[in-house]
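K.L.:
Dumping the structure here so I can ask a few things about it.
What follows draws every value from the coordinates through simple rules; no lab data is involved. These figures come from a predicted structure and were not determined experimentally. Reconstructed Cβ throughout: ideal geometry from the backbone, glycine too, with neighbour counts over all protein chains shown.
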Amino acid sequence: MERAYELFQKLPDDLKREVIDYMEFLLERKVKKKGDKLKLSWKGALKELRDKYTSVEQ
């Protein structure tokens with residue numbers, strides 16, 4: 001990590017801003033991936049309609 005900090009310090013201000021933007025993007029992407037898991041809290045909620053309707057229209 002020390003090496004990354006040293007390199008960062010050598011960058012001009014405009015490139016430092018780009019690095020920070022990219023780091024924020026990576027963190028945001030990681031958070032979004034965590035929330036992408038499918039939740040099945042609705043599972044079975046419509047089971048009383050199972051005999052009345054099908055997933056294939058005839």
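K.L.:
Please determine, in degrees from 0 to 90 and to the nearest 10, the orientation of helix 13-34 with respect to the longest principal axis defined by the Cα atoms of the chain, where the helix direction is its Cα long axis.
P.N.:
Once rounded, one gets 20 degrees.
K.L.:
What FRET efficiency would be calculated for the residue pair Leu40, Ile20, taking the C-beta separation as r and a Förster radius of 35 Å, to the nearest 0.05?
P.N.:
0.35
K.L.:
Given the -39500 (n - 2.57) contribution per DSSP H run of 4+ residues, what per-residue ellipticity at 222 nm results for the chain, rounded to the nearest 500 deg cm²/dmol?
P.N.:
That calculation yields -17500 deg cm²/dmol at 222 nm.
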